[in-house]
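Notes for the one structure printed next.
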Amino acid sequence: MIEDRKRPPLTDDGLDDSVLERHLSQTWSASPGFWGALATVDHKVIARRYIVTAFVFLILGGLLAVAMRIQLAWPEARFLDPDRYNQIFTTHGSTMMFLFAVPVMEAMAIYLVPLMVGTRNIAFPRLNAFSYWIILIGGLLLWISFALDAAPDVGWFAYVPLSGPEYGPGKRADIWAQMITFTELSALAVAVEIVVTVFKQRAPGMSLDRIPLLVWSMLVMAFIVIMAMPAIMFASSTLILDRLVETQFYNPAEGGDALLWQHVFWFFGHPEVYIIFLPAAGMVSTIVATFSRRPIFGYLPLVMAFIATGILAFGLWVHHMFVVGLPRLGESFFTASSMAIAVPAGIQIFCWLATLWLGRPVFTTPLLFVIGFIVTFVIGGLTGVMVASVPFDAQVHDTYFVVAHFHYVLVGGAVFPLLGAIYYWFPKMTGRMMSETLGRWAFGLIFLGFNLTFFPMHILGLQGMPRRVYTYQPELPWAGLNLFISLSALVLVSGFVIFFIDALRSWRSGKPAGPDPWSAGTLEWATASPPPAYNFRRIPVVEAREPLWSRSEGLAVTKGLQVDRRELIVSSVVEALPEARESSPRDSIWPFWAAIATSLMLIGSIFTPWAVVWGSIPIAVTLIGWFWPKGTVEDTS
Amino acid sequence: MSIGIAKYAGLLLAPGAWAINTELAQILPYVDCGAGTSWSVVASFGAATLALAGALVPHRRFAQGEPRTKLFIARLNVLVGLAFAFVLLLQGAATMLLDPCLR
Amino acid sequence: MKERVVLDVSKLPMHDMGIASPAWWGTCAFMLIEGSGFALAIAIYFYLFSLAPKWPIDAPSPDLFAGTVLTALLLASIVPNILVSRWAKARALAKVRIGLIVMSLLAAAPLALRIFEFPAMHVSWDENAYGSIVWTLLGLHTTHIITDLIDTLVLTCLMFSRHGDNTRRYGDVEDNALYWNFVIVAWLPLYVCIYWVPRL
Amino acid sequence: MKCNSILLLLAFLISGCSGAQSVLNANGHAAIALKELILAIVLVCSAVWFLVMIALVSALARRRIRESDAISERKATVVVSGAVGATVLVVSGLTIASFHTTRALSEAEDPELTIVVRAQQWWWQFTYVDPRSTETFVTANELHIPIGKDVRLRLESGDVIHSFWVPSLAGKQDLIPGRENILTLRAERPGVYRGQCAEFCGLQHSHMALFVIAEGVADYERWAEGQRRMSVDPSEAEAVAGKAVFMARQCAACHTIRGTGASGTTGPDLTHIGSRRTIAAGLLENTRGSLAAWIADPQKLKPGNNMPLVPLTSDELRQLAAYMEVLK
């Protein structure tokens, strides 16, 4: 170490490209082998794990959906018993929301934000590694309990008193609540990383008005997570307290209140929708601009729409509670906000349409998914306007109309853009192209299958079919449509099968992509595909909103960064003027152990409150190991 | 109001007014119903006025040949301020149309 | 891809403190998370208050003594806390070491008082919703104090080690001081809620 | 491609048929007002969706003309601003329409009849409170109301949250432990309207139906008179034996039959069970055979419900069913 200090620091100044790459690679690469893989803090590696994990959960959640559709295809079917059915729809909802949708959007942020803002790693990379292990263990907790026939059976919003100590026997509701704790912990960690990466690690010159729209959307998403997740943290913890040590938060006989749960849950639950939707909106903005071959129309209104949506998201929660008997005037304030959020949503749609109108669209698979998104999301948005109305909602609340509505918003509004984004960024992440032919098939089947499956549910809802029923009686007029829906679901499934086949095949043997296969404008395309461990040979200097479209003679870059330690540039928040050369932490195994210790404490506390006391000791030990300086060059200043 | 904060009036004042008004909606209907007052009307339109003000304050910075980033922030604030003023006007409409005692 | 060098960053400092440090922003983000949590807990306190026919439910108002002494102690600790922060900025190692020892003691002392606060509520967590929420508020804040205490202790050890005299450590000391200020500021509304709202 | 007009078309088709549990088969004053609002909003939204689709198709397929970027950008700005303005107007219009419907539904007269609805896992208890006398009577899963009159339902829950929803008559309202909600029904036309619990309430949420029978005032009064009476004393030998079985076994611990010693309150009041159309919260038609099947093994027909299996011989079973049937 002492010798290290004596050697003069090696900077990239005047180094030959290949020599520079060798040095950077030596400094930034993870060490080989199993422990090296556990210890890595490379945002791209971790994001890839996150994405793969999230898609595995999508497949599992999808299989549950298929099981439900088989059960509902006929009246009084006996494919599943009510207990199993309740576990299945709870696990389906929880998996899709907490283990697929939120993590996959965060994962895209973890992968793309550092590249798009032109830095070498995410802020707090060890926290990032920690967050992945936490969500993985949280997901395993839910799915192992499902395999053991002890999964939660109280629905993904787990209303008390059904989930409370009196009516929710066993540990099922506790497992649900603790699984939530895992996912919120991981989401909060990622949110902090994204905020700080966007605020402090943007390439010099990337002032606020030059931040790529995807990064803006991820920033707003991160702030929503920071403000909303504490609510669910409070909810899940107090639920466990009520069940474990007999606190009385939700017991009306002792001054508690059943509606308190709904307030706290939906104060998180509604922003949750925008946590999922806003990143998708950022993806759409990116894809639309690239394949219209022009800069996005209405950058400023789009940023404003993201921010306004992000704030408004916190004033909508009561529209999930329109039939609980609150004063109509108070409810109507939420009607006003819920209706008004259609204005920023409309602004986004209009700006994307205008970009397509003004540009020269190239119909690649990512753009097809975006077109599918516009078609379906507008329906979801409009049914959103419908359920925002107190009287309208009185009829459709908790029916299949709502099931249709939120699948249009979440699948149409978020999964379609996400699949487009996977086709779009797959070449960057793997260095290989996905197949256009299979992509078109996948899009066609998913689009068709989705609409055939979910559109009829609007009608079922108006015909009076409540949601969360494990069966219905033959004398009700729902059988025909249900059978139709179940058959259509097969079309949807086949589309997803093709998508996964395409992804796996292309990963191994797709056509090599090159650094910039789409001739796109943002910084992630300025480096190799897949990007090296250090992301950029030299940190770019941003002189325009689409740096790759406006470069005249080569990409503007910086010099003077040290290459024998992990170094990146810290810049100011508004103007992105360089402020310091900051070091980025080295690989470490401690986040992994910290995640294990945290998980033991959380899982133990399902069974005994003492787990919190004894479990915090190993957590403290691992955290000290994590933060204690090791005297590396990264520690110099 | 200092100049630094004034730049962000649209982003702070307008959503702030809206958030407070939304919270007040949980309390004022009970008060209005009990005492026959119209506090929710006053609160809503007061908040709408505040939001409009929040949109107009940064508007003044448009003409002054500000640097690019400053202009961007000012415009952003005006748009956000207007959006929230709209929401507050809709909430105001609710207070005019609905009886606070209604369940 | 062709590159052209337009900016030399070699003259920039290798680490900077305050708003130029990502760690400072990270601390702020965590304070925002915890602040949201506290705000929510207080909102729930008032929500339960608004539902109850009589507040506190089936219990006398809490005894003021322990909580008030704790509040005074926390407020008094602001002075050495700000001093430590200043010394860290000036990179005065010896002073920072002493200051951190003092701050460790000042972070431990409230814990002793906190032991007397729980019985001063005259209600157990499982008796009713009032008991549940006040115990939760106290518990949340106790966790805060413990977290900061451990952080301060570890930092004190660090400053006595060979890793001490380093801009990064001084930055950590500053961030830790910032966090302690937050622990104090967050307590004040909790104190009012727990001790004075029942007396309204 | 699917579109909202198909929904509208289907909506009118559905409203024509007699499917008794449908938003579009509106026969109560509230449901009629809601249906009008729903159709209006769906119509407006469908139009909006078509306009957006026209814009999308033309943006993708239009012939690109040579025009300077500045000019086309300016045109786009005007069009987009116009569209945003239109959105603001449409949103305001729909919001105000929604407020108006909320207001219209509030103007109910003083109700003539109050019924306490108590939801439990997984059945409904109705207690009729007569304002003119102190006399009350209790029934289950079947609500009779006179047409053309406001009926006030006081909604309570015995355990978890449920939701009272008879779509042909009114929007839903939750029943929440520790809180009391009010729902006013007014049936405009006679008929049998099915309803169902709409808030997930556990294992048998799917089988928690109820029927509202709206009938003329005279018919209603006759029915209510019958319900106020004590239970029938059976005369037929089989039913007499059935009564003895009922009293001797656990049945009486959970069920009330007024006029006998049975006064349990855990399960539905059976005083006039023979007069109801269905048993087990709308699960089965009320016949002697289905009664016997239900009593023989309630867990098979409605897994997880709170009625235990009482071991009975086949003779006892037949007798018990016969007794239930005479309790008109």
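The values are calculated or read from the model by the stated rules, or taken from the named source; none is laboratory data. Since the model is a prediction, treat every value here as computed from it, not as a measurement. For neighbour counting, all protein chains shown are included, and Cβ atoms are generated from backbone atoms with ideal geometry for every residue, glycine included. Surface areas here come from the heavy atoms of the whole protein model, side chains and all, with no ligands, DNA or RNA. Shrake-Rupley method; radii C 1.70, N 1.55, O 1.52, S 1.80 Å.
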* To do: Check C:TYR179 against each of (1) within 21 Å of the chain's Cα centre (by Cα); (2) among the aromatic types (Phe, Trp, Tyr); (3) buried (at least 22 other Cβ atoms within 10 Å of the Cβ) and name the one condition it does not meet.
  => (3)
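For the stretch C:119-126, state whether one or more residues are out of contact with any helix residue (DSSP H, G or I) (no Cβ under 6 Å at 6 or more places or on another chain), over 24 Å from C:TRP25 (Cα atoms) and assigned to a helix (DSSP H, G or I).
The initial filter retains those residues of the stretch C:119-126 that are out of contact with any helix residue (DSSP H, G or I) (no Cβ under 6 Å at 6 or more places or on another chain), namely C:119, C:122, C:126.
Then keep just the ones that are over 24 Å from C:TRP25 (Cα atoms); that gives C:119, C:122, C:126.
This time we only want the ones that are assigned to a helix (DSSP H, G or I), so: C:119.
Yes.
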* Structure fact -> The condition of being touching a strand residue (DSSP E or B) at 6+ places or on another chain (Cβ under 7 Å), aliphatic (A, V, I, L, M), more than 23 Å from A:TYR167 (Cα to Cα) and more than 12 Å from chain A (Cβ to nearest Cβ) holds, among D:LEU312, D:LEU320, D:LEU291, D:LEU284, only for D:LEU291
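In the set C:ILE145, C:ILE115, which member is loosely packed, with under 15 Cβ neighbours inside 10 Å, more than 11 Å from chain A (Cβ to nearest Cβ) and within 22 Å of the chain's Cα centre (by Cα)?
Working: C:ILE145 fails: loosely packed, with under 15 Cβ neighbours inside 10 Å.
That would be C:ILE115, the only listed residue that is loosely packed, with under 15 Cβ neighbours inside 10 Å, more than 11 Å from chain A (Cβ to nearest Cβ) and within 22 Å of the chain's Cα centre (by Cα).
Take B:PRO67 and decide whether it is at the interface with chain A (Cβ under 10 Å from one of its Cβ atoms), more than 25 Å from A:MET227 (Cα to Cα) and surrounded by fewer than 17 Cβ atoms within 10 Å (Cβ to Cβ). It would help to see each step written out before you state the result.
Details: at the interface with chain A (Cβ under 10 Å from one of its Cβ atoms): yes; more than 25 Å from A:MET227 (Cα to Cα): yes; surrounded by fewer than 17 Cβ atoms within 10 Å (Cβ to Cβ): yes.
Yes; evaluated as a whole, the condition is true for this residue.
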* Scanning the stretch A:358-372 for residues that are in contact with a Ser or Thr (Cβ under 9 Å, 6 or more places away or on another chain) and in a helix (DSSP H, G or I), which turns out surrounded by the fewest Cβ atoms within 10 Å (Cβ to Cβ)? -> A:LEU358
* Can you find a residue in the stretch A:207-225 that is among the small types (Gly, Ala, Ser) and assigned to a helix (DSSP H, G or I)? -> yes
* Can you tell me which residue among A:PRO344, A:PRO230 is buried (at least 24 other Cβ atoms within 10 Å of the Cβ), within 14 Å of chain D (Cβ to nearest Cβ) and over 20 Å from C:LEU51 (Cα atoms)? => A:PRO344
* Check whether at least one residue in the stretch A:551-560 is of a type in the set (D, E, K, R) and open to solvent by less than 10 Å² (accessible area, probe 1.4 Å), and report yes or no. => no
* Asked: Does C:ALA20 satisfy being facing chain A (nearest Cβ under 10 Å), buried (at least 18 other Cβ atoms within 10 Å of the Cβ) and either touching a His at 6+ places or on another chain (Cβ under 7 Å) or of a type outside the set (S, T, N, Q) (or both)?
  -> yes
* Return the pairs, sorted by first residue and then second, in which the second residue is charged (D, E, K, R), the first residue lies in the stretch A:602-624 and is open to solvent by less than 50 Å² (accessible area, probe 1.4 Å), the beta carbons are less than 8 Å apart, and the residues are 6+ apart or on different chains. => A:ILE606/A:LYS171; A:ILE606/A:ASP174
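Within the stretch B:19-39, take every residue that is assigned to a loop (DSSP other than H, G, I, E, B) and more than 8 Å from chain A (Cβ to nearest Cβ) and give me the one that is surrounded by the fewest Cβ atoms within 10 Å (Cβ to Cβ). If you could, list the steps in order and put the result at the bottom.
Step one: of the stretch B:19-39, the residues assigned to a loop (DSSP other than H, G, I, E, B) are B:25-27, B:36-38.
Checking which are more than 8 Å from chain A (Cβ to nearest Cβ) leaves us with B:27, B:36-38.
Details: B:ILE27: 15, B:GLY36: 9, B:THR37: 13, B:SER38: 14.
That would be B:GLY36.
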* Hey, could you check the stretch D:151-164 for residues that are open to solvent by less than 10 Å² (accessible area, probe 1.4 Å) and more than 9 Å from chain A (Cβ to nearest Cβ) and say which is farthest from A:LEU326 (Cα to Cα)? => D:VAL151
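Step by step: first the residues of the stretch D:184-215, then only those that are hydrophobic (A, V, I, L, M, F, W, C) and open to solvent by 20 Å² or more (accessible area, probe 1.4 Å), then the one that is nearest to A:ARG468 (Cα to Cα). Which residue is that?
Residues of the stretch D:184-215 hydrophobic (A, V, I, L, M, F, W, C): D:185, D:187, D:192, D:197-198, D:200-201, D:203, D:208-214.
Then keep just the ones that are open to solvent by 20 Å² or more (accessible area, probe 1.4 Å); that gives D:192, D:203, D:211.
Working: D:VAL192: 25, D:LEU203: 10, D:PHE211: 20 Å.
Selected residue: D:LEU203.
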* To do: Please indicate, with yes or no, whether at least one residue in the stretch A:295-302 is out of contact with any Leu (no Cβ under 9 Å at 6 or more places or on another chain) and either within 14 Å of chain D (Cβ to nearest Cβ) or within 30 Å of A:GLY604 (Cβ to Cβ) (or both).
  => yes
* Is it true that some residue in the stretch A:350-357 is out of contact with any Phe, Trp or Tyr (no Cβ under 8 Å at 6 or more places or on another chain), in contact (Cβ under 8 Å) with a residue 60 or more places away in the chain, part of a loop (DSSP other than H, G, I, E, B) and open to solvent by less than 10 Å² (accessible area, probe 1.4 Å)? -> no
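Out of the stretch A:462-478, which residues are within 14 Å of A:ALA77 (Cβ to Cβ) and either at the interface with chain D (Cβ under 7 Å from one of its Cβ atoms) or surrounded by 19 or more Cβ atoms within 10 Å (Cβ to Cβ) (or both)?
Pass one, the stretch A:462-478, residues within 14 Å of A:ALA77 (Cβ to Cβ): A:469-474, A:476, A:478.
Matches in the stretch A:462-478: A:VAL469, A:TYR470, A:THR471, A:TYR472, A:LEU476, A:TRP478.
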* Asked: What helices (runs of 4 or more DSSP H) completely inside the stretch A:64-147 contain at least 2 residues that are touching a Ser or Thr at 6+ places or on another chain (Cβ under 7 Å) and under 30 Å from A:ALA544 (Cβ atoms)?
  -> A:102-116
* Identify all residues within the stretch A:460-482 that are touching a Leu at 6+ places or on another chain (Cβ under 9 Å) and in a helix (DSSP H, G or I); write none if there are none. => A:LEU460, A:LEU462, A:LEU481, A:ASN482
* **Verdict on A:GLU254 being within 30 Å of A:GLY168 (Cβ to Cβ), open to solvent by 10 Å² or more (accessible area, probe 1.4 Å) and modelled with pLDDT under 95** => yes
* the stretch A:343-373 - residue that is within 28 Å of B:ALA85 (Cα to Cα) and aliphatic (A, V, I, L, M) and, of those, farthest from the chain's Cα centre (by Cα) -> A:ALA354
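Across the stretch C:23-43, what is the number of residues that are facing another protein chain (nearest Cβ under 7 Å) and either at positive phi or not aromatic (Phe, Trp, Tyr) (or both)?
So the first thing to find is which residues in the stretch C:23-43 are facing another protein chain (nearest Cβ under 7 Å), and the list is C:25-26, C:29-30, C:32-33, C:36-37, C:40-41.
Still in the running and either at positive phi or not aromatic (Phe, Trp, Tyr) (or both): C:26, C:29, C:32-33, C:36-37, C:40-41.
Residues that pass the stated criteria total 8.
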* **Residues being under 25 Å from the mean Cα position of the chain (by Cα), surrounded by fewer than 17 Cβ atoms within 10 Å (Cβ to Cβ) and not in a helix (DSSP H, G or I) - total across the stretch D:267-303** => 4
* What's the number of the condition C:VAL185 fails, among (1) within 14 Å of another protein chain (Cβ to nearest Cβ); (2) open to solvent by 10 Å² or more (accessible area, probe 1.4 Å); (3) in a helix (DSSP H, G or I); (4) of a type outside the set (Asp, Glu)? -> (1)
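Sort through D:VAL44, D:VAL90, D:VAL129, D:VAL138 and tell me the only one that's β-branched (Val, Ile, Thr), without any contact (Cβ under 8 Å) to a residue 40 or more places away in the chain, open to solvent by 30 Å² or more (accessible area, probe 1.4 Å) and out of contact with any Lys or Arg (no Cβ under 7 Å at 6 or more places or on another chain). Break it down stepwise before answering.
Values: D:VAL44 fails: without any contact (Cβ under 8 Å) to a residue 40 or more places away in the chain; D:VAL90 fails: without any contact (Cβ under 8 Å) to a residue 40 or more places away in the chain; D:VAL138 fails: without any contact (Cβ under 8 Å) to a residue 40 or more places away in the chain.
Of D:VAL44, D:VAL90, D:VAL129, D:VAL138, the one residue that is β-branched (Val, Ile, Thr), without any contact (Cβ under 8 Å) to a residue 40 or more places away in the chain, open to solvent by 30 Å² or more (accessible area, probe 1.4 Å) and out of contact with any Lys or Arg (no Cβ under 7 Å at 6 or more places or on another chain) is D:VAL129.
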* How many of the residues in the stretch C:83-109 are farther than 14 Å from C:THR152 by Cα and either open to solvent by 60 Å² or more (accessible area, probe 1.4 Å) or under 14 Å from the mean Cα position of the chain (by Cα) (or both)? -> 8
